[in-house]
1. In this structure, is B:Arg174 under 16 Å from the mean Cα position of the chain (by Cα), surrounded by 13 or more Cβ atoms within 10 Å (Cβ to Cβ), at negative phi and at pLDDT 85 or above?
2. When only residues in the stretch B:20-32 that are surrounded by fewer than 16 Cβ atoms within 10 Å (Cβ to Cβ) and not aliphatic (A, V, I, L, M) count, which is nearest to the other protein chains (Cβ to nearest Cβ)?
3. Of the residues A:Thr199, A:Thr171, only one is part of a helix (DSSP H, G or I) and β-branched (Val, Ile, Thr); which?
4. Taking into account only those residues within the stretch A:339-360 that are in a strand (DSSP E or B) and more than 14 Å from chain B (Cβ to nearest Cβ), which is nearest to A:Ile379 (Cα to Cα)?
5. Tell me, which helices (runs of 4 or more DSSP H) wholly within the stretch B:133-205 include 2 or more residues that are β-branched (Val, Ile, Thr) and either under 21 Å from B:Tyr105 (Cβ atoms) or within 11 Å of another protein chain (Cβ to nearest Cβ) (or both)?
6. Please enumerate the residues belonging to the stretch B:206-227 that are touching a residue at least 24 places away in the same chain (Cβ under 8 Å), within 14 Å of chain A (Cβ to nearest Cβ) and not in a strand (DSSP E or B).
7. Among the residues of the stretch A:169-194, write down those that are surrounded by 14 or more Cβ atoms within 10 Å (Cβ to Cβ) and of a type outside the set (Lys, Arg).
Amino acid sequence: MYMVLFATSVFILMGFIYWATAGYMSSQTDETIEAEIIGLAEQYQRQGLNGLISVIRERVARDPNGKAVYLFTARDFIKLAGNISKWPEDGEVQEGWLNFTLNDGLGWHTEEARPARARVFIVPGGLRLLVGRDVNEFMAVKKLVERAINFGMGITFALAMFGGIMMSRSTAKRVEIINQTSQKIMAGNLSLRIPDRGTNDDFDQLARNLNEMLDKIVQLMEGIRHISDNIAHDLRTPLTRLRNQLENTLMNVERDQDRQNVARAVAEADQLLATFNALLRIARLEVGSKISNFETFDLSALAQDAGELYEALSEDKQQTFSLRVEKDITILGDRDLLFQTLCNLIDNAIKYTPEGGNIVLSLSNGEKELALEVADSGIGIPEEERDKVFQRFYRVAKSRSLPGNGLGLSLVLAVMDIHHSKVRLSDNNPGLKVTLVFPKKTNVPAALKNV
Amino acid sequence: MRILVIEDDKDVAAYLVNGLKENDNVVDHSADGKEGLLLAASENYDVMIIDRMLPGMDGLSIIKTIRATGNQTPVLILSALGDVDDRVEGLRGGGDDYLTKPFSYTELLARLEVLVRRGSKSGSEKVTHLSVADLEMDLLARTVKRGAEKIDLQPREFRLLEYLMKHAGQVVTRTMLLEQVWDYHFDPQTNVIDVHISRLRSKIDKDFPKQLLQTVRGAGYILSEDS
């Protein structure tokens with residue numbers, strides 16, 4: 001857009017220069033010719049035909065290699081005086097301006113044809129006077145100017161084009177960087193910031209503003225997390241005490257009905273404590289203090305164990321539980337955490353899959369990644385909710401009636417994060433497929449490499 | 001039992017001491033690491049409960065010091081969730097069991113019981129045969145009989161029963177079973193262990209008049225002759 005505007009203005013400017021130069025030069029030629037004619041006319045008026053002829057001869061003789069062209073002819077075009085031998089063939093015979101070519105045929109002392117411009121006068125008596133000039137130089141200059149302008153235009157256009165492309169490329173690139181960074185940030189990597197190039201231009205300003213905004217958001221989020229963690233931490237101790245007192249009471253209660261009630265209260269307290277513990281565990285995983293427990297272990301055996309542990313539970317629900325585990329896959333990670341994570345997923349699958357459904361636990365060794373997958377034929381998670389289920393306390397609308405604290409997948413995500421791995425949710429048509437994806441090369445977290 | 005509690009958190013300490021005393025134990029308590037070490041080194045206890053983070057001297061150092069003097073008294077380490085996860089470190093450092101706060105009293109009691117029994121049995125040669133009432137297990141042939149009847153068990157069921165029989169008469173919690181039988185450390189939260197227990201129960205108890213494997217409400221299970 002800017003380029004078109006720029007090109008147009010350059011074009012207009014160049015055109016004006018050309019028009020002005022060429023116009024000036026051609027008007028100069030014309031003026032010279034006019035002046036000559038005025039001179040000749042004066043001579044004619046003063047001395048008649050003979051005077052005119054002699055003046056022409058004189059002028060020709062005085063300046064044999066000049067630029068002036070003269071021809072004075074009789075009615076039948078027979079030359080009376082002048083420095084060309086005959087009327088130019090491509091020339092008009094009427095009065096007025098005339099462009100023609102000077103060449104040997106006209107008796108002009110030259111090796112090459114030269115352009116010329118002249119004015120023709122009909123002198124009374126049918127005599128014709130042609131006064132002109134060799135405009136070869138002018139034409140050459142005109143051509144030079146033309147060429148210079150063309151060349152200049154070409155270069156200008158090329159530069160404009162190049163500059164424009166570079167500029168729009170760099171603009172597009174910076175917009176793209178901002179876009180990509182925002183997308184990554186939206187995908188959950190809140191620690192990312194838009195790079196500041198230090199050029200202090202509009203984009204830097206924008207980047208800085210966005211970054212400041214992100215800092216504020218992170219601060220707020222951390223504040224909220226802090227509060228929830230603190231609540232969990234501070235309430236846990238009294239809650240534990242309450243639970244333990246209830247438990248003590250349970251041992252001393254005589255009546256069966258009371259025992260049942262107290263036992264239920266203990267179970268409730270346990271549930272609450274479990275929620276608090278999960279919250280704190282997630283918080284701690286996010287801080288990354290758990291990495292000290294990394295070891296290399298047999299992931300196939302872990303999957304097998306988890307499958308075996310939950311198979312019975314699944315069968316009790318008349319579900320078909322299948323294990324498809326590739327052998328001898330080892331991984332570097334926290335064995336207990338990954339086991340807990342997998343159990344969590346299987347437990348969910350069993351819970352959200354109706355009786356008679358299918359659950360498949362599989363572990364496959366891909367080229368670039370290991371995939372540990374739990375697929376069920378249950379109620380699934382609608383696509384638009386798949387991102388949200390990783391948030392703390394988020395529960396899918398359909399499953400709110402079922403027991404759970406909405407922390408399971410948050411915990412899964414936190415565990416996968418410290419393993420530098422990902423959780424993928426997809427449709428199992430029907431049901432849900434949860435895939436834990438361990439990239440093969442980056443299995444070793446950076447923090448551990450330095451140990 | 002004679003028990004030493006080294007714990008600086010007043011609430012936890014009071015809860016532990018009161019609970020343990022109620023269960024007819026003799027309990028000494030110290031809230032300071034150095035004082036605790038002195039007690040541990042000078043007195044004879046059946047079991048010690050030591051918190052990891054203590055003023056004066058940290059729990060692991062106390063354990064290392066008493067182990068260096070040849071004292072083999074079983075130790076249960078207490079740790080607040082949030083310390084760098086250190087179960088492995090704690091067990092390597094000479095602890096015998098590890099419990100994360102907050103814990104339920106029954107869980108603690110069950111673990112103490114197991115620790116003390118194990119401590120008193122240590123040194124005896126390898127057991128090849130287990131029996132509870134008319135239930136018998138041959139660890140070499142890996143067979144199980146109830147009375148005259150042979151019982152077929154899956155490998156994991158065998159290990160589950162083995163653990164229960166080794167700790168016959170003691171309450172074992174679900175977490176303990178997951179740790180000892182499955183070798184994973186976490187609180188299962190769900191009834192997944194119960195399912196395995198009920199399957200085992202249907203094999204060893206179902207067709208017999210006397211039920212050996214009992215559920216202890218709010219705690220876990222017990223395999224016992226007298227129920």
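1. Numbers: under 16 Å from the mean Cα position of the chain (by Cα): yes; surrounded by 13 or more Cβ atoms within 10 Å (Cβ to Cβ): yes; at negative phi: yes; at pLDDT 85 or above: yes.
Considered against the rule, which asks whether it is under 16 Å from the mean Cα position of the chain (by Cα), surrounded by 13 or more Cβ atoms within 10 Å (Cβ to Cβ), at negative phi and at pLDDT 85 or above, B:Arg174 comes out as yes.
2. In the first step, residues of the stretch B:20-32 are kept if they are surrounded by fewer than 16 Cβ atoms within 10 Å (Cβ to Cβ); the result is B:21-24, B:26, B:32.
Applying the additional criterion that residues be not aliphatic (A, V, I, L, M) yields B:21-24, B:32.
Working: B:Lys21: 12, B:Glu22: 8, B:Asn23: 9, B:Asp24: 13, B:Asp32: 21 Å.
Going through the qualifying residues, I end up with B:Glu22.
3. On the way: A:Thr199 fails: part of a helix (DSSP H, G or I).
Just one listed residue meets the conditions, A:Thr171.
4. Start the filter on the stretch A:339-360 by keeping residues that are in a strand (DSSP E or B), which leaves A:358-360.
Filter once more, keeping what is more than 14 Å from chain B (Cβ to nearest Cβ): A:358, A:360.
Details: A:Asn358: 12, A:Val360: 15 Å.
So the residue we want is A:Asn358.
5. Details: elements: B:155-166, B:174-177, B:192-204.
By residue number, B:192-204.
6. B:Gly218, B:Ala219
7. Initially, the stretch A:169-194 is screened for residues surrounded by 14 or more Cβ atoms within 10 Å (Cβ to Cβ), giving A:174, A:177-178, A:181-182, A:185, A:190, A:192-194.
Passing the criteria: A:Ile177, A:Ile178, A:Thr181, A:Ser182, A:Ile185, A:Leu190, A:Leu192, A:Ile194.
Every residue, every condition in (1) assigned by TED's automatic domain parsing to the domain that holds A:Gln391; (2) farther than 20 Å from A:Gln391 by Cβ; (3) touching a helix residue (DSSP H, G or I) at 6+ places or on another chain (Cβ under 9 Å), yes or no:
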{"site": "A:Ile224", "(1), (2), (3)": "no, no, no"}
{"site": "A:Ile227", "(1), (2), (3)": "no, no, no"}
{"site": "A:Asn248", "(1), (2), (3)": "no, yes, yes"}
{"site": "A:Arg255", "(1), (2), (3)": "no, yes, no"}
{"site": "A:Arg264", "(1), (2), (3)": "no, yes, no"}
{"site": "A:Ala269", "(1), (2), (3)": "no, yes, yes"}
{"site": "A:Ala278", "(1), (2), (3)": "no, no, yes"}
{"site": "A:Arg281", "(1), (2), (3)": "no, no, yes"}
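The values are calculated or read from the model by the stated rules, or taken from the named source; none is laboratory data. Since we're looking at a predicted model, the values are computed, not measured. Note that each Cβ is placed from the backbone with ideal geometry, even for glycine, and that neighbours are counted across all protein chains shown.
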